[in-house]
Amino acid sequence: MKDMTVSEVSRALGISTRMLRYYEKEGLISTKRREDYAYRMYDELAVRRLRQIVILRKLRIPLKDIGIILNASEISEAVRVLLDKIEEIDEEISSLKVIRNILTETAELSKGGSLPLLENKLLSVSESLPPLKNMLKENSSMSELSTQKENKEELLDKANEKMNKVDDNVRIILLPPFTVASNHVIGIEPEETVDKPVEKFIRESRLYEIKPDARYFGFNHPNPGILENGQHGYEVWVTIPDDMEVPAPLVKKKFEGGLYAALTIRFPEFHRWGDLTRWAHVDNELYEPDYSSLGEEIMGGCLEEHLNWVYSAHMGWPENGIEGQLDLLLPIKKKEK
């Protein structure tokens, strides 16, 4: 099999280029560069490992455990990880059976009237109900459940807690106007290079010492799928003092600020954009999206704030640095009454 580029592997396996870079950073795969080619390449072994990663992820194996499986020197290490996962799934099955019993009882009690507890929001979490760790036995009968009111209420509270998890974690924040140094790259893998000039600027200007509250944002500009030949853009901002000058290729810009719904994630949990979008469109009563009129040209005005990025760049990305976290920021406005 011929070597494949990052974009070719991304399309073939349905993995984002950002996730591929994360896999490489975590040591799960490696790439190489050909002398006659500018982009990184994946050889047959790397692609085979990526296919294994995709399968294991679909089996709900965490990345840290996938690393153990793929890099195990003894097969017993991989077997141990799989057995642990089987035990976890067994516990989840038991918990779901208990929840099913409770829902059945609730449905019976609610015939002829309205449901006392469950709403349409259950649909959005039906694929990821909480593992309740066998708080009640699998074979609990309806009569046993009715005599264990305290345990049942605790289970229902936990189910509700799961349904409201996104609600609880979404913060409403007002970003003030600020001045930024911006860099914008369009290409096959713009995220690979867009931050390099900004990082160089942060170190050479000693920005963190001048402005320790400096913040770092990024967004697609434009989104994948708009440009031809598989290209898209990514733009990053670092906040700077209003009177600071910036060197090329950076460009000085003004941000007008605005109201945003914020959801904190760990890198690379970008699938959580779906949770935040659903919250903004469906799962709250006070706010609605306030997307930019430029739409997909600038990701609808959404932002990704890379937390502690400026500090980490200033310190030279120490090995014992702060864990990568981001705030997903979606522009919102109050609903009209």
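The values are calculated or read from the model by the stated rules, or taken from the named source; none is laboratory data. Given the structure is predicted, the values throughout are model-derived calculations rather than measurements. In this analysis, Cβ positions are derived from the backbone assuming ideal geometry, glycine residues included, and neighbour counts consider all displayed protein chains. Each accessible area value is taken on the protein alone, full model and side chains, heavy atoms only, with ligands, DNA and RNA left out. Shrake-Rupley method; radii C 1.70, N 1.55, O 1.52, S 1.80 Å.
Here are the numbers for this structure:
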quantity	calculated
Cleavage-rule hits (trypsin sites (Lys or Arg not before Pro)) in segment 173-260: DSSP loop, at most 16 neighbouring Cβ within 10 angstrom	R206
For segment 4-26 and segment 241-295, distance of Cα centres in Å	25 Å
Simple label model, 7 Å out from Cα along Cβ direction - L294 to D213, nm	2.6 nm
Percent carbon-and-sulfur accessible area, segment 191-337, ignoring ligands, DNA and RNA, probe 1.4 Å	49 percent
R206 paired with E91, simple spin-label distance in nm, labels 7 Å along Cα-to-beta-carbon	5.1 nm
Highest average packing first - 183-189, 101-107, Cβ atoms within 10 Å	183-189, 101-107
Accessible area per residue in Å² at 1.4 Å probe, computed on segment 169-223	45 Å²
Across K25/K333; K25/K85; K196/K253, pairs whose alpha-carbon gap is larger than 30 Å	K25/K333
Mean Cβ count within 10 Å, highest first, over the residues of peptides 71-77, 41-47	41-47, 71-77
Pairwise label distance in nanometres, R272 with I226, each label 7 Å out on the Cα-Cβ vector	2.5 nm
Full-stretch length increase - N320, L259 - with 0.36 nm per residue and alpha-carbon distance subtracted	18.6 nm
Accessible surface, segment 228-317, averaged per residue in Å² (probe 1.4 Å)	51 Å²
